[in-house]
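Here's the structure we're looking at; comments come further down.
The values are calculated or read from the model by the stated rules, or taken from the named source; none is laboratory data. What you are looking at is a predicted structure, and each value in this text was computed from that prediction instead of being measured. Here the Cβ positions follow ideal geometry from the backbone for every residue, glycine too, while neighbour counts run over all protein chains shown.
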C-alpha cells in the first residue's frame, strides 16, 4: 500500500469519525464489537493506520486514542456501548451473587449436619440410659407392671 493523498486521508478520517460515533452510540454490527478492529472495518480502512510506524505515529493513531478515550469515559459513566461488554458485566455480577449464595448454603448445610450429629448422639445416649434404667428396675424386682385399661 502506497502513500495516501491528503484528500483520501480526510475522507478516511471522516469515515472513521462517523463509524466511531455509530459504534459509541451502540450501533454495533453483527459479529463486531466496540473495538478498533470493528472501527476500521466500518470505516473501510486498515487498522494498521492506528498504530505507530517506527518513530512516527500512525496516520489515524490520534483517532484510535480518541476512540479509546471516549469509550473509557462512557464505560466509567455506566454507559457501555458494546452489548457484549454489558452482558459480561451483568454475568460477572450474577456470578458473584451466586457464589455468595452458594457459600451461605454451604455454611447452612454444615450447621444442619452438625445439628443432626448432635441430635443423633443425644438420642443414642438417651436410648442407652432408658435401656440401663429398664434393666436396673427389672433386677431390683421392686417395680410392678401396671396394666392399662385396655388389657382388662
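Would you check which residues across region 21-42 are in a loop (DSSP other than H, G, I, E, B), touching a helix residue (DSSP H, G or I) at 6+ places or on another chain (Cβ under 7 Å) and surrounded by fewer than 18 Cβ atoms within 10 Å (Cβ to Cβ) and list them?
Keep residues of region 21-42 that are in a loop (DSSP other than H, G, I, E, B), which gives 25-35.
If we keep only those that are touching a helix residue (DSSP H, G or I) at 6+ places or on another chain (Cβ under 7 Å) as well, we get 28-29, 32-34.
Within region 21-42, 29, 32, 33 qualify.
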Of all residues in region 70-92, count the ones that are surrounded by 10 or more Cβ atoms within 10 Å (Cβ to Cβ) and assigned to a helix (DSSP H, G or I).
16
Give just the number: which of (1) part of a helix (DSSP H, G or I); (2) surrounded by fewer than 12 Cβ atoms within 10 Å (Cβ to Cβ) does residue 64 not satisfy?
(2)
Within the set of pairs 6+ apart or on separate chains, which have a first residue in region 89-104 that is closer than 18 Å to residue 79 by Cβ, a second that is at pLDDT below 95, and C-beta atoms under 8 Å apart?
89/80
Going through region 26-42 one residue at a time, which ones are at pLDDT below 85 and either touching a strand residue (DSSP E or B) at 6+ places or on another chain (Cβ under 8 Å) or within 18 Å of residue 75 (Cα to Cα) (or both)?
26, 27, 28, 32, 33, 34
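Yes/no per residue for (1) surrounded by 15 or more Cβ atoms within 10 Å (Cβ to Cβ); (2) modelled with pLDDT under 85:
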| site | (1), (2) |
| --- | --- |
| 12 | yes, no |
| 19 | yes, no |
| 44 | no, no |
| 53 | no, yes |
